[in-house]
Amino acid sequence: MLELGGVQVSYGAVEAVRGIDLQVRDGEVVALIGPNGAGKSSTLRAISSVVGFRGTIRFDGRDCRRVSTQGLARLGLIHVPEGRHVFTTLSVHENLLVGTTARRRRPDGYSLDEVYDLFPALARLRKRLGGALSGGEQQMVAIGRALVAGPRLLLLDEPSLGLAPKITRSLFAALAEVASRTPLLLVEQNTVMALKLCTRAAVMVNGRLVLEGTADELTDRAALVASYLGEEPAITAG
C-alpha cells in the first residue's frame, strides 16, 4: 500500500531524513519510534507531499511526487499531524463534517455516528467549539475528522503527545479498533503503547532507520531499543 525507497528530506543544509526504506502493507500497523529530532515527522510530511523529498514514495502504486497533498487525501492517504489543529471556531460536529469533504464518493471511512461510538465523549460535546475542548478531546476530534475522510491509510503523528496516561490509554484503545479495518503508520514517542498497537516497528535515529522488526521482536530486544531512545530498558508490551 505504501512504499518508501531511499527517501531523503533536507531543510537547507540540515538532513532530517537520510535515505530510508519503509513499507506499509494492507492490514498492517507500522510504528515509527525514536527520539526527538530523529526525522519521524519529516517522514510523514514527505509521504503527504507537505515537504519536498528525494527518493521514491508510492501510495497504492501512485508516485506521490506527482500528486498534491489534497490529491493524496482524496485518494485516501489521510494525515493527522502533530498538534491536533482543530478549527477552534467550529463545533465538534462541524469539525467532523469538514473531514467528509476529502472522501467524496469513496466508500471507505467511518460515518459520523461511528466516530461518536468510537469516542463517546465527543457525542456529549458535539455542539461545543473546538477552542473550548481539552487536549485529549481535541485529539479525538482530529482523529475522528480523519476517519470520516475515508482513510485507506492513516498517518498519525504523536497522537499521545501532551496527554495524561488515562487519556492516552483510552485513545489507544480506540486506535486498536480503527486498526482492525484501516492500515496505520504511527509516529509515537510512547514506545510501550506503540508496540502494543503495531504489528511492525522501526526505530529511527538521526534520520536513519537503525532497527526494524515485529512488535514482539522489538519488545524482546527492549534494552537495545531503549539504548537507541535514550531510555531506561523498561519497554514491555504486556
Qualifying helices (runs of 4 or more DSSP H) (wholly inside region 56-148; at least 3 residues being over 30 Å from Glu3 (Cβ atoms) and either among the acidic types (Asp, Glu) or in contact with a helix residue (DSSP H, G or I) (Cβ under 9 Å, 6 or more places away or on another chain) (or both)): 92-99, 112-118, 120-124, 135-148
Which of (1) modelled with pLDDT of 90 or more; (2) farther than 19 Å from Glu82 by Cα; (3) of a type in the set (Gly, Ala, Ser) is the odd one out, the single condition Ser227 does not satisfy? (1)
The conditions are (1) of a type in the set (Gly, Ala, Ser); (2) modelled with pLDDT under 95; (3) under 20 Å from the mean Cα position of the chain (by Cα); (4) surrounded by fewer than 22 Cβ atoms within 10 Å (Cβ to Cβ), and Ala149 fails exactly one of them. Which is it? (4)
Selected residue (criterion: surrounded by the fewest Cβ atoms within 10 Å (Cβ to Cβ)) from residues of region 76-87 that are β-branched (Val, Ile, Thr) and farther than 18 Å from Arg124 by Cβ: Val80
Can you pull out every residue in region 37-55 that is within 9 Å of Val7 (Cβ to Cβ) and among the polar types (S, T, N, Q)? Thr43
Picking from Arg181, Arg200, Arg221, the residue that is within 24 Å of Leu4 (Cβ to Cβ), among the basic types (Lys, Arg) and more than 18 Å from the chain's Cα centre (by Cα) would be Arg221
Residue among Leu90, Leu77, Leu97 that alone is of a type in the set (A, V, I, L, M) and in contact with a Lys or Arg (Cβ under 8 Å, 6 or more places away or on another chain): Leu77
Would you confirm whether any residue within region 156-167 is out of contact with any Cys (no Cβ under 7 Å at 6 or more places or on another chain), surrounded by 14 or more Cβ atoms within 10 Å (Cβ to Cβ), hydrophobic (A, V, I, L, M, F, W, C) and at pLDDT 95 or above? yes
Considering only region 52-67, I want to know if a residue exists there that is of a type in the set (Val, Ile, Thr), farther than 30 Å from Leu224 by Cα, surrounded by 15 or more Cβ atoms within 10 Å (Cβ to Cβ) and free of Cβ contacts under 8 Å to residues at least 40 places away in the same chain. yes
Looking only at region 1-34, which residues are within 20 Å of Asp60 (Cβ to Cβ), part of a strand (DSSP E or B) and not β-branched (Val, Ile, Thr)? Leu2, Glu3, Leu4, Gly5, Gly6, Asp21, Leu22, Gln23, Leu32
Can you give me the number of residues within region 79-98 that are under 22 Å from Leu161 (Cα atoms) and not basic (Lys, Arg)? 12
Residue satisfying all of: in region 149-162; out of contact with any helix residue (DSSP H, G or I) (no Cβ under 8 Å at 6 or more places or on another chain) and outside any strand (DSSP E or B); nearest to Val98 (Cα to Cα) among these: Pro151
Going through Leu90, Leu125, Leu97, Leu72 one at a time, which residue ends up being buried (at least 16 other Cβ atoms within 10 Å of the Cβ) and within 23 Å of Glu177 (Cβ to Cβ)? Leu125
Taking the conditions exactly as written (more than 20 Å from the chain's Cα centre (by Cα) and among the hydroxyl-bearing types (Ser, Thr, Tyr)), does Thr100 satisfy them or not? no
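The values are calculated or read from the model by the stated rules, or taken from the named source; none is laboratory data. Quick caveat: nothing in here was measured; it's all calculated off a predicted structure. Here the Cβ is made from the backbone with ideal geometry for all residues, glycine too, and neighbour counts use every protein chain on show.
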